[in-house]
Each structure stands twice: as C-alpha cells, then as structure tokens.
Amino acid sequence: MSENTAAPTKAKQLLAEANAVLFDFDGIIIDSEWPIFESWHRVFAANGHELAVETYVQCIGSDFDTWSPEKYLEELTGKTFDWPAINAQRQVELEADLVDVETLSGVRESFQAILNAGKKLAVVSSSSHRWVDKWLEKLDLISSVHEVVCRGDAPKIKPAPDLYLEAVRRFNLPASECLVIEDSLNGIKAGKAAGCMTVAVPSRLTSVLDFSTSDSVISDLIELV
C-alpha cells in the first residue's frame, strides 16, 4: 500500500477512536495564514528585504514571542518602525483580501461527519475570540461548534499545551480521547504535549515543515471522511 493511500486510513482510524475533535482555526478552517504572510512580505519588500516562507513559518500557530517579523526586520535594517501604524494598515489589507473567503476543502464535510457520529467538536486557536468568533459566525459554523477556546482562555498559547488542555477540561474527557487537527508545527507540539492524538494538514505555508511527530499527515480534510 502506498504512503498516500495509508495516510488517510490512519487519520480515519484516529477519528473513529476520538470522542472529541479539536480544530485549529487559521490555516485549517480558512486560508488566512497566506494573506497574513503576504502582508508581511509586502512590508519587507518595501524596505528592501525578502521574507522567506521557511523563516516566517516559525511563528505560524503561535505569536511573536516564538519568532517576530517585527524584530527580524529591525535587525535586518537597523531601523525602528511605527508598528502600530504598519499593523493597522496590514489589517485593512488583510480584511480586503479575505472579504470573499470560504472554508477550506473538507471543513464542512468533516464537521458534519463528526456531529453525525455524536462526537464533540471544538475550535482551538492562538488567535483572539474577536477574530475567530467573527469568522465562525460569518461562515455559519458557530452552531456546529460545542466550544471555542482562544487566546486569553488559558495562560499560554501554542506551542504550550494550555489551550488544548482547556478544551479537554471543558469536555470532561481524557486527552487521549481527543483528536487535534492542525496545520502548524507549533499546533502539533501543543496537541502532543496535551496528550491528544494529532493529525496534521499542512497548508501552502507550512508544507515546508517536518510533521513526522504527528500521528498522521493528510493533504486535505476531506480525507478524514
């Protein structure tokens, strides 16, 4: 059996064993990570520097405490920047880029299959409730989700396990019965540290990373169902 054939089988097995499924948000439910990267790429280009995907992915799934594009650009240029103003403009550009965003492939099908099987479903993100809840409402997914756990709901964000441990606590289940779905290495590290099963779904940004520590790696959420 080829690796491509075996991978979805393993993911389906993990889903069958789980009583709760914990989805990351950015890069799993919507393709927001790429527009965010592009907004940073434009800032770097405007200051005469490239921003490689392989460098930027260090902060995917976490925050600038893990790796900071702001500090990196200041190191490259020897300058200081008005980051509040720059980030406000980046946010305007990001909202415009995402105005017609839809869910990524397999999201709605996997949500429905999980609910049909009587399993619990959560969204667990290092982003804010303001960001995640807004999109879940806009995409008409909020009613499908039993819990939403975001930055501020636990002491630390990914790659620390705190957010996933909070979701596990809310469901009153052993972590070993919970399946984490992630596109980032920081997210997989968090899920593993929490004691959960993990499935990685690399995005066009995070496909450069090594996900060998994940229990399964698939190319599309549709492979779950």
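Laboratory data are not the source of any read-out in this text; all were calculated from the coordinates shown. Note that the structure is a prediction, hence the values are computed from the model and not measured. Cβ placement follows ideal geometry from the backbone for every residue including glycine, while neighbour counts extend to all protein chains displayed.
A few comments on the model shown:
- Pairs over the 18 Å Cα-Cα cut-off, from the set K71/K156; K10/K158; K12/K120: K71/K156; K10/K158.
- Computed from phi, the 3J(HN,Hα) profile of the stretch 210-225 under the Karplus parametrisation 6.51, -1.76, 1.60 (θ = phi - 60°) reads 8, 9, 5, 7, 6, 5, 7, 10, 10, 9, 7, 4, 4, 5, 5, 10 Hz, with x in place of Gly and Pro.
- Among D153, D210, D162: highest mean-square fluctuation, GNM of the chain, C-alpha pairs under 10 Å: D210
- With contacts taken as Cα pairs under 8 Å at a separation of at least 6 residues, the chain carries a relative contact order of 30 percent.
- Only Cα pairs under 8 Å and 6+ residues apart enter the sum, and on that basis the relative contact order of the stretch 1-124 stands at 44 percent.
- T55 paired with Q89, simple spin-label distance in nm, labels 7 Å along Cα-to-beta-carbon: 2.0
- Comparing W34, W131, W83 in a Gaussian network model of the chain (Cα springs below 10 Å), the most mobile by mean-square fluctuation is W83.
- Relative contact order computed over the stretch 33-97 (Cα-Cα under 8 Å; 6+ residues apart), in percent: 37
- Spatial offset of the stretch 52-85 relative to the stretch 155-217 amounts to 24 Å, using the alpha carbon center of each.
- GNM flexibility winner over the chain from V92, V180, V123 (Cα, springs under 10 Å): V92
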